[in-house]
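A short worksheet on the structure shown next.
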Amino acid sequence: MTESTKQDNKKGNAQTITKELTYEDKVLQKIIGISLEEVEGLLTLDGGFFSNLAEKFVNTDSTTSGVNVEVGKKQIAVDLDIVVEYGRNIPELFDEIVTTIQANVQSMTGLNLVEVNVKVVDVKSKEQHEQESVTVQDRVSDFTEKAGNSIGEQTEKVKKIASKTTVNAKEKMDSSRVE
């Protein structure tokens, strides 16, 4: 603070504070992704081929997949690629998506939603979606758990056999001793 600023503050002249609040794109993507998790009939946001391929191998908690945003100082535009549950009224679902995004973005950031573009990339039943959502990581985890259980059971069997064999061998040694 300079000397002249100190004097201005003493005289009661308020200094103007320059303020700016900005958001990383991923923050808005996450707000949108999380807010859309509860929309009935929206099965998933689709992140494209490579994102979906990666999700097949590893469980990711990526709420930003399939959400693209353009964030300005006061406005936001959103592009979504979605998978809809078969049998849902897509125009009604679209309206619910827009309303949900607008309410959450406005209340959390104060930004105005000026554009929403939604591309429906697939339609699936819930059952089909759940089957396809199982990742290789899930399958490996299940296999590992089953293998671990099986190995544990086999180890117990071997211990029992070894214990019986030890008892039998000890009894034979004791009976064959010359006294």
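The values are calculated or read from the model by the stated rules, or taken from the named source; none is laboratory data. Since the model is a prediction, treat every value here as computed from it, not as a measurement. SASA here: full protein model, heavy atoms, side chains in, ligands and nucleic acids out. Shrake-Rupley method; radii C 1.70, N 1.55, O 1.52, S 1.80 Å.
Of note:
- Pairs with C-alpha atoms separated by more than 29 Å, drawn from the list K30/K73; K73/K126; K30/K124; K74/K124; K73/K124, are K73/K126; K74/K124; K73/K124.
- With DNA, RNA and ligands ignored, accessible area of V158 (1.4 Å probe; Å², nearest 10): 90 Å²
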